[in-house]
1. Return the only residue of 34, 60, 108 being charged (D, E, K, R), exposed (fewer than 13 other Cβ atoms within 10 Å of the Cβ) and under 18 Å from residue 129 (Cα atoms).
2. Somewhere in the range 123-131, is a residue within 17 Å of residue 36 (Cα to Cα), exposed (fewer than 13 other Cβ atoms within 10 Å of the Cβ) and of a type in the set (A, V, I, L, M, F, W, C)?
3. Closer than 17 Å to residue 115 by Cα and either hydrophobic (A, V, I, L, M, F, W, C) or in contact with an Asp or Glu (Cβ under 8 Å, 6 or more places away or on another chain) (or both) - does that describe any residue in the range 14-28?
4. Return the total of residues in the range 79-103 being over 20 Å from residue 11 (Cα atoms) and either in contact with a Ser or Thr (Cβ under 6 Å, 6 or more places away or on another chain) or crowded, with 17+ Cβ neighbours inside 10 Å (or both).
5. Regarding residue 48, is this residue under 13 Å from the mean Cα position of the chain (by Cα), over 22 Å from residue 133 (Cα atoms) and surrounded by 14 or more Cβ atoms within 10 Å (Cβ to Cβ)?
6. Could you list, in sequence order, all residues of the range 6-31 that are acidic (Asp, Glu) and over 14 Å from residue 57 (Cβ atoms)?
7. Go through the range 59-68 and give me each residue that's more than 15 Å from residue 38 (Cα to Cα), in contact (Cβ under 8 Å) with a residue 40 or more places away in the chain and of a type outside the set (Lys, Arg).
8. Every residue in the range 81-105 that is within 17 Å of the chain's Cα centre (by Cα) and not in a loop (DSSP other than H, G, I, E, B), please.
Amino acid sequence: MNSNLHYECVLAEHAVLRASEEVNAADVERLAARIAQAGQWTTPIPIERSTGIIMDGNHRWHAARLLRLSHLPCIPIDYGDPRVRILRWVDGSDFPVTDIHATLSSGRVLPYKSTRHLFEPPLPELCHTLASLRRLSATARSAGG
């Protein structure tokens, strides 16, 4: 795999992202508390570029809502991108992207820990302070966004 393939990181609106899997509510609360204590957001959420489907990071998306963040660091990428591989958590076999789309199209989300997304090269870490993300959120709210 070509390690020179870089990812684009953008600030995406929370409201346009689409949850793809169920989450554990207690884990979401613990994650939100850890992020708040650290005062920074370090892990971007990979999303499908054309639909906003959260590939990995459903707990982080829910934690952002608890933290009242309207914009999140995301990496838009296509499921067809060779840097993305989707596996089943249960046995490590390939998970068809058509199953993800079919489930979400029916108005449901996948059960907890259905998919495991692998990225090669690994997704970058970043550092956005919560203060800067909250300022952006406040600006978007005052602008009607």
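1. 34
2. Checked the range 123-131: at least one residue is within 17 Å of residue 36 (Cα to Cα), exposed (fewer than 13 other Cβ atoms within 10 Å of the Cβ) and of a type in the set (A, V, I, L, M, F, W, C).
3. Yes.
4. To start, the set of residues in the range 79-103 that are over 20 Å from residue 11 (Cα atoms) comprises 80-103.
Applying the additional criterion that residues be either in contact with a Ser or Thr (Cβ under 6 Å, 6 or more places away or on another chain) or crowded, with 17+ Cβ neighbours inside 10 Å (or both) yields 83-84, 86, 95, 97, 100.
The number of residues fulfilling the criteria is 6.
5. On the way: under 13 Å from the mean Cα position of the chain (by Cα): yes; over 22 Å from residue 133 (Cα atoms): no; surrounded by 14 or more Cβ atoms within 10 Å (Cβ to Cβ): yes.
When the stated conditions are applied, residue 48 does not pass them.
6. 8, 13, 29
7. 61, 62
8. 84, 85, 86, 87, 97, 100, 101, 104
Readers should treat all values here as calculations from the given coordinates under stated rules, not as data from a laboratory. What you are looking at is a predicted structure, and each value in this text was computed from that prediction instead of being measured. Ideal geometry is used to build each Cβ from the backbone, glycine not excepted, and the neighbour counts take in all protein chains shown.
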